[in-house]
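Throughout, read-outs are computed from the coordinates displayed, never taken from laboratory work. Because the structure is predicted, anything quoted here is derived from the model rather than measured. So basically every Cβ, Gly included, is an ideal-geometry build from the backbone, and we count neighbours across all protein chains shown.
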Amino acid sequence: MTTATRTARHPSTLVTLWRSTVGKKAVMAVSGLVMLLYLVAHMLGNLKIFFGPDELNGYAHWLRTLGEPFLRYEWFLWIARAGLLAAVVLHGVSAYQLSRRDIAARPSKYVHKRRRASYATRTMRWGGVILGLFIVWHILDLTTLTVNPNAEHGKPYQNIVASFSNWYSCVIYVVAMLAVGLHVRHGFWSAAQTLGASNARREKALKLAANGLALVLTVGFLSVPVAVMTGVVS
Amino acid sequence: MNLTLRIWRQAGPDAPGSMTTYKVSGISPDMSFLEMLDTLNEELITRGDTPVAFDHDCREGICGACGMVINGQAHGPERTTTCQLHMRHFKDGDTIDIEPWRASAFPVVKDLVVDRSAFDRIIGSGGYITAPTGSAPDAHATPVPKEAADTAFEHAECIGCGACVAACPNGSAMLFTSAKVVHLNVLPQGAPERKSRVRNMVAAMDAEGFGGCTNTGECATACPKGIPLPSIAAMNREFLRSSLG
Amino acid sequence: MSTVNTEIPYAEYGVGAPIADAKAPAGPIEQRWDQRRFEAKLVNPANRRKHTVIVVGTGLAGGAAGATLAEQGYHVVQFCFQDSPRRAHSIAAQGGINAAKNYRNDGDSIRRLFYDTVKGGDFRARESNVHRLAQVSVEIIDQCVAQGVPFAREYGGLLDTRSFGGVQVSRTFYARGQTGQQLLLGAYQALSRQIAAGNVEMHPRTEMLDLLVVDGRARGIVARDLVTGEISTYTADAVVLATGGYGNVFYLSTNAKNSNATAVWRAHRRGAYFANPCFTQIHPTCIPRSGDHQSKLTLMSESLRNDGRIWVPKAKGDTRPPAEIPEAERDYYLERIYPAFGNLVPRDIASRAAKNVCDEGRGVGPGGQGVYLDFADAIRRMGRDAVAAKYGNLFEMYERITAEDPYRVPMRIYPAIHYTMGGLWVDYDLQTTVPGLFAIGEANFSDHGANRLGASALMQGLADGYFVLPPTLNDYLARNPLPAVPADHGEIAAAEAEVTDRLNLILAVNGDRTPDSFHRELGELLWDECGMARDAAGLRRALDRIPKLRDEFWRRIKVPGTGQELNQSLEKANRLVDYFELAELMCLDALHRAESCGGHFRTESQTEDGEAARRDEDYSYAAAWEFTGTGTAPVLHREELEFEHVHPTQRSYA
Ligand SMILES: Cc1cc2nc3c(=O)[nH]c(=O)nc-3n(C[C@H](O)[C@H](O)[C@H](O)COP(=O)(O)OP(=O)(O)OC[C@H]3O[C@@H](n4cnc5c(N)ncnc54)[C@H](O)[C@@H]3O)c2cc1C
Ligand code: HEM
Ligand code: HEM
Ligand code: SF4
Ligand code: F3S
Ligand code: FES
């Protein structure tokens, strides 16, 4: 048995992991959690908007000079971006491949329909897609500023205000924030289960944590467009 | 009671199937669901129609043979096996939909009968402890802590009915597989094969065409033996540990 | 020696040569098994692959045998009619398994288990076999624990045991109420490992319909693929039947619905003697039938009798709800008739007493076929929680089935057919009278004599499969020339034709009665005339009725569909054909054995206090019946039983 174990382990653990449903799901969980971590930080950063333009813009500048002189200007940012990109791609690809497999494993539906908890899975799927599209739009809006009405580099505060002063952009954001909430609500607990962190005793606590996290993120993110729309921030 | 049954009829594995409607009358609330189907079949036979094929044997909720989706729920409204479900849980005049387990790893053989041999192959891939007859030490050579023994028992209760797969929106066999992995991996006797067991069983599960787990928890809700959802987390833990550690 | 039975004229059965030798080695009983194993010839491990062994059945006996033979290197071809080997009827066993481990140091020993089993069997079992069973019992527990069977344990991590079936020592190992399931899964997992390794070729959903005998040896089976209906023949060097008991001949029993007698009966027709068919066991604590729709009976652990009190109303036809029947008008009949043992009298006594009060018209529940098992006193004495802790799961099961709450309303129980001690006659090697055909588990006439003790069937099934059969089969294969059977051998074509014709005949009748309706009728007849209490008149009525019923079957049976598909009605009807013949032999056996012993109670043979009266001078033998043709008189071969170690005594519980 031990020899079998060794030979089975050596060729490439990662390949075997990636090939198995459980392993691929773990990749999805880890990449998801990485993005989740980013979002928490990002949400907190965004809240600086309530302390005025200088605070937020300063923060944006600091992000770029972070790590100097060891790192050069914007290096930290690019490293983070690389990480995020990897996460989003791995996450998206595994999500896609697993979803394909899951649908194939249950080709014919039951004639007698019930509202099933597969609700969670379905929202995860389209919610994820919405998030993917949003991220693209969002980067064009506030990073590359391609679609931003204000488009002033180094001035995120003004850009954000500009962005949220037209209704369709607000709609996009609000929808995306709700998607984030739903996605994290199931995603966080799901990741714990996938990575084997859950057990009979922790199950409840983890579900609570997931709901809390989802709520905080959504509210935190939403506060910004709402503030702009209500004129609290301008 | 008088009931209207809408039952999935399918002549053979490759034949097309469809829901067919039947009326049954004089059903006693004390009948088990299978006895209600017996009553229908007796009628069908005397009429010269082909009776509805369904798997069953012990009719005590322990062999795991009986399995059908009743009104969209595996094993029906109560948390038990179909043979232990009694008609008193239905009302006179009800319409009841009866369908086979649905999963591409469980192809329909006929009517409500499906092929669950994939489960046997999963067990064969590692769901055992290698102990050739005669090689065993005295039973008391290795004491087993009570809670390990209890956990093992709780998971060994799985009857291999397949309701977890039938209920899972992804036709996933995670609950079934984790039940056996946990049963054997918590025991000292199971330790030597601990790593290869989980890895081989997960590989077999994937090879059989079961879906992945999206942690929707439908399986544990449907399981007549109450195999708990965290067992899946435990198996994931065992799997990751065995591949990484 | 035994006087010729004067009760029934010779015409009804012939008497053949007694069975002189059952192949048990001579010498001290403790050494016989060692002796036999030592004398057994061995097959060179290198040659084992070349030997194919067919094992029919995947229960405790078959599962254990298949796995073990494959581990030893034989090529095993195995069959079961369920969709998976894991679903064999053994899965349903609840109470536990006996073993003379003496872990409790309470005076148990191999000798005591041996003694209890011979005595419990009412001195109708073969001493050598029983002693071997007791010896092997010890290894079984070790084997199962090594496989990961989760037996109940104490806080110290050591195995827990309980006392079961009225024995004084605590030697029963258990896994909650699911001992059979856990033991079977252990065997099934070992078997699955061998299947995956390619050493066992497993055929689920395949039913053996005949035995292939070539040049006087069992060389294979004819089987039907239950999905495609295809009939094919599988050849081998030896055939092992582990096909379980025939309790379902009664239609209503605690056995799984599909358990049946076809395999053993077809073997019987091919020359294997059938021993003691009338030795059937009734279990006293089953849930009564709730109506004509009843399809099977559910057993509840006997342990309930430890604290429950059994009673019926004193007055006939008293239909008041139990709560309204005052103490003075209740008859706690077991406590009244058997003051010493009260509610704990052995299975057969408790069962007969229940039947008697119901026959008097004092039965309760639907159809008056039930007696109360009352926990009111226990709840008063121990408190509800203590009762719940002890019997909670049983109470739940009862409530799920009956929708009555045993904490408030007394349970209703009634006896049901539970186990069959009779079966194919086997010698010490577990070989039948057809060379190369072995029978293990409940399928053989077993080591339980006229009555099986609780928790001893699991022990016997696993003993046979894991430890007894492998060496004796080894010996058979090593000693005998077994030239391959050519695929075009005449016997194969003949056997297949016979099987196919029979199925076609059934399909051709196209009458107006369903298989179940016939099975119900046959079952009720047997239950009335060959059930808990039997007498010559009733048995003759049955013997007169059964052939008529069989004729009616061949005129009126209706089976829709064809033989080339999954056809469950055809399976049922086909099994019925064998049940009719078996039922007849059971009644004849019961009629010829004009004594009472164990599960076989002849009202003509009882002591003044209604106790079973054995007649050792006339009946101290196993009755092995030889088949001579449907409806023609079978031939009786007696195996005289000697009791050197346990001396026959009349039991008394009064
Ligand atoms: C409800 C209940 C509770 C019990 N509790 C206990 C207990 O607590 N303790 C105890 O010691 N005993 C108990 N018993 C008795 C015990 O369970 C059985 O005697 C024992 O399990 C029989 O095992 P077996 O392997 O001989 O046969 P089975 O387990 O019956 O297996 C028969 C096998 O043969 C196969 N088969 C049969 N016919 C054919 C055919 N024609 N073709 C192909 N395959 C065939 C079946 O598919 C099955 O795999 C109980 C029995 C019942 C009914
Ligand atoms: C690229 C766009 C995205 C897609 C297509 C996507 C899709 C999915 C899908 C289908 C799942 C599986 C649901 C389940 O298994 O229950 C999932 C899980 C998850 N997603 Fe996303 N998602 C995306 C973006 C994100 C983002 C931005 C985050 C960060 C908040 C995130 C966090 C998670 C987490 C934590 C999980 C749980 C992983 C697990 O179940 O093991 N996802 N995602
Ligand atoms: C209303 C809520 C949000 C606001 C106001 C907001 C604001 C911003 C701003 C101002 C930037 C540019 C920062 C800079 O370039 O200095 C940015 C970048 C980014 N945001 Fe958001 N964001 C919000 C929600 C989200 C959400 C929900 C996600 C993810 C699902 C997200 C993902 C990103 C990413 C990936 C970047 C690019 C980081 C980089 O590469 O520089 N944002 N966001
Ligand atoms: S886990 Fe539960 S539902 Fe799944 S097979 Fe086992 S018993 Fe049935
Ligand atoms: S229902 Fe399916 S998705 Fe996972 S939690 Fe159960 S296997
Ligand atoms: S028939 Fe055995 S579990 Fe239902």
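So, R0 is 22 Å and r is the distance between the beta-carbons of B:Asp14 and A:Tyr96; what FRET efficiency does that work out to, to 0.05? It comes out at approximately 0.10. In a reduced charge model with +1 at each Lys and Arg Cβ and -1 at each Asp and Glu Cβ, the protein assembly as shown shows a dipole moment near 4160 debye about its Cα centre.
A straight line joining the Cα centroids of segment C:161-195 and segment C:430-489 runs 21 Å. Assign one of three labels to segment C:184-267, namely rounded, prolate or oblate, based on the Cα gyration tensor with a ≥ b ≥ c the square roots of its eigenvalues; rounded applies when a/c is under 1.5, prolate when it is not and a/b is larger than b/c, and oblate otherwise. Cα axes put segment C:184-267 in the oblate bin.
For the peptide B:231-240, the mean number of other protein chain Cβ atoms found within 10 angstrom of a residue's Cβ is 6. In chain C, the longest principal axis of the Cα atoms and the axis of helix C:568-592 are about 70 degrees apart.
Measuring max minus min along each principal axis, the C-alpha atoms of segment C:413-517 give extents of 55, 44, 19 Å (largest first). Helical runs assigned H by DSSP (4 residues or longer) give chain B a calculated mean residue ellipticity at 222 nm of -10500 deg cm²/dmol, each run adding -39500 (n - 2.57) before division by the residue total. Relative to the Cα centre, the charge distribution of segment B:1-77, modelled as +1 at Lys and Arg Cβ and -1 at Asp and Glu Cβ, gives a dipole magnitude of about 340 debye. Centre-to-centre separation between the Cα atoms of segment C:7-63 and those of segment A:29-98: 78 Å. Please work out the FRET efficiency for the pair C:Asn504 and C:Asp225, using the Cβ-Cβ distance as r and a Förster radius of 25 Å; give the result to the nearest 0.05. That pair, C:Asn504 with C:Asp225, gives E of 0.90. Mean residue ellipticity at 222 nm, helices only, chain A: -25500 deg cm²/dmol; runs of at least 4 DSSP H residues each add -39,500 (n - 2.57), and the sum is divided by the number of residues. Hey, quick one: spin label on C:Asp616, modelled 7 Å out along Cα-Cβ, who in segment C:631-654 has an amide N within reach, i.e. under 18 Å? The answer is C:639-653. Ranked by the mean number of other Cβ atoms within 10 Å of their residues, highest first, the peptides C:216-229, C:451-464 come out as C:451-464, C:216-229.
Computed from Cα atoms, the angle from the helix C:347-359 axis to the main principal axis of chain C rounds to 60 degrees.
In segment C:332-465 the Cα-Cα distances spread across 10 Å bins starting at 0 as 10, 28, 29, 20, 11, 2, 0 percent of all pairs.
Report, to one decimal in Å, the Kirkwood hydrodynamic radius for segment C:235-285 based on all distinct Cα pairs.
Every distinct Cα pair counted, the radius reaches 12.6 Å.
Each Cα pair under 8 Å and six or more residues apart adds its separation to the average, and for chain C the resulting relative contact order is 21 percent. Would you please give the residues with an amide H less than 5 Å from that of C:Gln78, counting only those at least 5 places away or on a separate chain, with H modeled from the backbone geometry? Counting only residues 5 or more places away or on other chains, the set is C:Val55, C:Glu201, C:Met202, C:His203. Size of segment C:367-413 from its Cα atoms: along the principal axes, largest to smallest, the extents are 33, 20, 13 Å. With R₀ fixed at 45 Å, the C-beta to C-beta distance from C:Glu521 to A:Asn199 puts the FRET efficiency at about 0.20. Once both labels are positioned 7 Å from their Cα atoms along Cα-to-Cβ, the gap between A:Tyr59 and A:Val171 label points is 2.9 nm.
If the viscosity is 1.002 mPa s and the temperature 20 °C, what translational diffusion coefficient in µm²/s does Stokes-Einstein give for segment A:60-198 when Rh comes from Kirkwood over Cα pairs? Answer, rounded: 119 µm²/s.
Can you give the translational diffusion coefficient of the protein assembly as shown in µm²/s, computed by Stokes-Einstein from the Kirkwood radius over Cα pairs at 37 °C and 0.692 mPa s? In µm²/s, the coefficient is 102.
Per residue, the convex hull around the alpha carbon atoms of segment A:162-230 comes to 69 Å³.
From most to least packed by mean Cβ count within 10 Å, the peptides B:163-174, C:134-145, C:255-266 give B:163-174, C:255-266, C:134-145. When you restrict to C-alpha pairs under 8 Å that are six or more residues apart and normalise by the size of chain A, the relative contact order lands at 25 percent. Overall dimensions of segment C:498-619, expressed as equivalent-ellipsoid semi-axes from the Cα gyration tensor (√(5λ), whole Å, largest first), are 36, 13, 11. Within straight-line reach of C:Lys355, meaning a Cα separation under 18 Å, sit the following lysines at least 8 residues removed in sequence or on another chain: C:Lys314, C:Lys316. Counting every C-alpha pair in chain C, the share spaced more than 34 angstrom apart comes to 42%. Rounded to the nearest Hz, the phi-derived 3J(HN,Hα) couplings of segment A:123-138 under the Karplus curve 6.51 cos²θ - 1.76 cosθ + 1.60 (θ = phi - 60°) are 4, 4, 5, 5, x, x, 4, 3, 4, x, 4, 4, 4, 4, 3, 4, where x marks glycine and proline. Residues of segment C:172-187 with backbone nitrogen within less than 18 Å of a virtual label 7 Å along the Cα-to-Cβ line of B:Asp150, please, listed as ranges. Answer for this model: C:174-178. Using the structure shown, list the pairs from A:Lys25/A:Lys48; A:Lys207/C:Lys390; B:Lys195/B:Lys225; A:Lys24/A:Lys204; C:Lys548/C:Lys572; A:Lys24/A:Lys207 with a Cα-Cα distance above 31 Å, or answer none. Listed pairs above 31 Å: A:Lys25/A:Lys48; A:Lys207/C:Lys390. With the highest mean first, a sort of the peptides C:183-193, C:526-536, A:81-91 on other beta-carbon atoms found within 10 angstrom per residue produces C:183-193, C:526-536, A:81-91.
Fraction of C-alpha pairs exceeding 20 angstrom in segment A:37-114: 58 percent, rounded to a whole number.
For chain B, taking the reciprocal of the average inverse distance between every pair of different Cα atoms yields a Kirkwood hydrodynamic radius of 19.4 Å.
Counting Cβ atoms of other protein chains within 10 Å of each residue's Cβ and taking the mean over peptide C:77-87 gives 5. For chain C, the longest principal axis of the C-alpha atoms and the axis of helix C:469-479 are separated by about 20°. Each helix, a run of at least 4 DSSP H residues, gives -39500 (n - 2.57); summed and divided by the residues of chain C, these come to -11000 deg cm²/dmol at 222 nm. Here the Kirkwood formula puts the hydrodynamic radius of segment C:264-359 at 16.2 Å, using every distinct Cα pair.
Calculate the mean, over all residues of peptide B:118-128, of how many other protein chain Cβ atoms lie within 10 angstrom of the residue's Cβ. Across B:118-128, the average partner-chain Cβ count within 10 Å equals 6. Shape of segment B:123-245 from the C-alpha gyration tensor: prolate (a/c of 1.5 or more and a/b above b/c, with a ≥ b ≥ c the square roots of its eigenvalues). Spacing of the modelled spin labels on B:Glu78 and C:Ser109, each 7 Å from Cα toward Cβ, amounts to 5.0 nm. Summarising the overall dimensions of segment B:1-143 from its C-alpha atoms, the Rg and Dmax are 19.1, 63 angstrom.
With viscosity 0.890 mPa s and temperature 25 °C, the Kirkwood radius over alpha carbon pairs of segment C:1-140 converts through Stokes-Einstein to a diffusion coefficient of 129 µm²/s.
All Cα-Cα distances of segment C:383-453, cut into 5 Å bins from zero to the largest, leave 3, 14, 17, 11, 8, 8, 10, 10, 9, 7, 3, 1 percent in each bin in turn. Of the residues A:Pro107, C:Leu158, C:Gln568, the one whose Cα sits farthest towards the positive end of the charge dipole of the protein assembly as shown is A:Pro107 (charges of +1 on Lys and Arg Cβ, -1 on Asp and Glu Cβ, taken about the Cα centre). Applying the Karplus relation 6.51 cos²θ - 1.76 cosθ + 1.60 with θ = phi - 60° to segment C:630-635 yields 3J(HN,Hα) values of 4, x, 9, 5, x, 10 Hz, where x marks Gly and Pro.
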